[in-house]
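A short worksheet on the structure shown next.
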Amino acid sequence: MTTEPTRLTGTGIYRIVWLPGSDRLRGHCWCGATRDAEDPVELWDWLLNHPDQHDDEDGAAGRPVPPGRSLAGTPA
């Protein structure tokens, strides 16, 4: 029996995963936004600059902030 590893969640958690069978990577922002790329530097650049798009309570690009999460600097 295998168990799924525990993963960190919440604001400020960013994740980059390899897409098996390809040379592609997928970056995940805590807000739910994702982006695919071959270059890990490109993904980290996007992830680290992406919070600048969380500039209001509606989240990035008009996306609502997922339930149970809040934007940095705003009351929960």
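The values are calculated or read from the model by the stated rules, or taken from the named source; none is laboratory data. Fair warning: this is a prediction, and the values are worked out from it, not measured in the lab. Note: ideal-geometry Cβ built from the backbone for every residue, glycine included; neighbour counts use all protein chains shown.
Scanning region 8-38 for residues that are exposed (fewer than 11 other Cβ atoms within 10 Å of the Cβ) and aromatic (Phe, Trp, Tyr) gives no hits. Within the option set PRO51, PRO75, PRO5, PRO64, being assigned to a helix (DSSP H, G or I), modelled with pLDDT under 90 and out of contact with any Phe, Trp or Tyr (no Cβ under 8 Å at 6 or more places or on another chain) holds for one residue only, PRO51. Could you list, ordered by first residue, the pairs with Cβ atoms under 9 Å in which the first is in region 27-45 and closer than 17 Å to LEU8 by Cα and touching a residue at least 12 places away in the same chain (Cβ under 8 Å) and the second is surrounded by fewer than 14 Cβ atoms within 10 Å (Cβ to Cβ) and among the small types (Gly, Ala, Ser), at least 6 apart or interchain? Matching pairs, first to second residue: TRP30/GLY10; TRP30/GLY12; ALA33/ALA61.
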